[in-house]
Amino acid sequence: MTCPLPHQPPGAVDTASPTSESASAVARFEAVGGSVLFGLFGVALFDQPMLPPVSAALEATGRARYQPWARAVRTAAADQLIYHGEDADRDAESERLMLLHRDVKGVGPDGERYSALNPQAWNWILYSTFFVQRGAYLALTGDTPTAADNQAIWDHYLHKTSGLHLPGNSAPIAAFPDLVAHYEQRIAELRVTSALEAATSSVRLSPRPDFLPAAIGPLWRLSAPVLGHFAMVLGCGIMHPDVRAKMPITWTSRHEREFRALTTALRIAYQQLPAVVTDSPMARNRRKYERLAARYRKVGLTSFAPDPALRPTAATMR
């Protein structure tokens, strides 16, 4: 469970239509993305600031370093709109994000120019987010996806994020095996950057979130180190091993045991607790809507052709 990327030959695309099994895997993948437990694996996103131009952009804005909780909440809100919102809301949020990221550009501390909409940096964020969701999906469900499942899951993610795709040759990679190969090639470019060190420090220190009342400060200070440690173990546990090796931590066999114990407990919780408890508000609302829509669809007729059973007979016309 410590490597989210299966090693497959590039270009080995399964061109067959998605099977019912693959459709089921896609449904489970999306359900995990709509679970509040998904957020526990957020440290796995730290492969993003390992890319120097991404780190430069994050440090220039300062929000990731000085307002980590506020930024995390905004990111989670945007993700919910894009992955679980209605088409109109998803499109509007995607357009907003593309527009605002145009302002994120400049020159990094290494003297290199950076831009959030540079295809390599922009797509790296999309790829990273996908593999984090896929890693959480594997951890919480215990699934072992087939090649067809992996392609179907990736196709589903591409559909959901279509409003965030750059045009032409800058569009995201289409074939899952090619995506895996590309991700593994880019690992060589990752570094321990200032943004990564700030993000790691934030998890370890775990400052009290602004949205929690100051009265729980003492309790938070007691529990924060444990929560931060668990978050680090869960996030690093689903990372690609070569990415995890570049994290400013030393991954040990004890961490591996903790990861397996934590994911086992979370998997049981995810499978046993009712969805109304584990769903995010947006996913819970969407699930309720789909239940109501299915119930209303059952009311309708399957044909508007005349029903012989309702035609009047000679006896009833007397």
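The values are calculated or read from the model by the stated rules, or taken from the named source; none is laboratory data. The structure displayed is predicted, hence computed values, not measured ones. All Cβ positions, even for glycine, are placed from backbone atoms using ideal geometry, and neighbour counts span all protein chains on display. When the accessible area is computed, the model is the full protein with side chains, heavy atoms only, and any ligands, DNA or RNA have been set aside. Shrake-Rupley method; radii C 1.70, N 1.55, O 1.52, S 1.80 Å.
So here's what we get for this one:
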| item | result |
| --- | --- |
| Any hit, the stretch 137-150, residues being over 22 Å from V243 (Cβ atoms) and open to solvent by 50 Å² or more (accessible area, probe 1.4 Å) | yes |
| Search result, residues across the stretch 232-243 that are in contact (Cβ under 8 Å) with a residue 60 or more places away in the chain, open to solvent by less than 30 Å² (accessible area, probe 1.4 Å) and either out of contact with any Lys or Arg (no Cβ under 9 Å at 6 or more places or on another chain) or assigned to a helix (DSSP H, G or I) (or both) | M232, L234, G235, C236, G237, M239, H240, V243 |
| Subset of the stretch 238-268 [in contact with a Ser or Thr (Cβ under 8 Å, 6 or more places away or on another chain) and under 19 Å from V180 (Cβ atoms)] | I238, M239, P241, R244 |
| Test result for F176, within 13 Å of the chain's Cα centre (by Cα) and of a type outside the set (D, E, K, R) | no |
| Enumeration of residues in the stretch 46-83 that are of a type in the set (V, I, T), open to solvent by 30 Å² or more (accessible area, probe 1.4 Å) and in contact (Cβ under 8 Å) with a residue 60 or more places away in the chain | V73 |
| Positions within the stretch 244-255 being exposed (fewer than 15 other Cβ atoms within 10 Å of the Cβ) and modelled with pLDDT of 95 or more, in sequence order | A245, T252, S253, R254 |
| Residue that is nearest to the chain's Cα centre (by Cα), among those in the stretch 265-311 that are among the small types (G, A, S) and not in a helix (DSSP H, G or I) | S280 |
| Number of the condition not met by A27 [criteria: (1) under 17 Å from Q271 (Cα atoms); (2) at pLDDT 95 or above; (3) surrounded by fewer than 22 Cβ atoms within 10 Å (Cβ to Cβ)] | (2) |
| Some residue of the stretch 121-130 being more than 19 Å from the chain's Cα centre (by Cα) and either in contact (Cβ under 8 Å) with a residue 60 or more places away in the chain or open to solvent by 10 Å² or more (accessible area, probe 1.4 Å) (or both) | no |
| Positions within the stretch 152-165 being open to solvent by 20 Å² or more (accessible area, probe 1.4 Å) and either over 14 Å from the mean Cα position of the chain (by Cα) or farther than 18 Å from A78 by Cα (or both), in sequence order | D155, S162, G163, H165 |
| Test for L190: is it open to solvent by less than 20 Å² (accessible area, probe 1.4 Å) and either within 21 Å of the chain's Cα centre (by Cα) or modelled with pLDDT of 95 or more (or both) | yes |
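Listed here are the residues, each with its yes/no results for (1) in contact (Cβ under 8 Å) with a residue 12 or more places away in the chain; (2) closer than 30 Å to A195 by Cβ.
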position: A245; (1), (2): no, yes
position: R260; (1), (2): yes, yes
position: A275; (1), (2): yes, no
position: G300; (1), (2): no, no
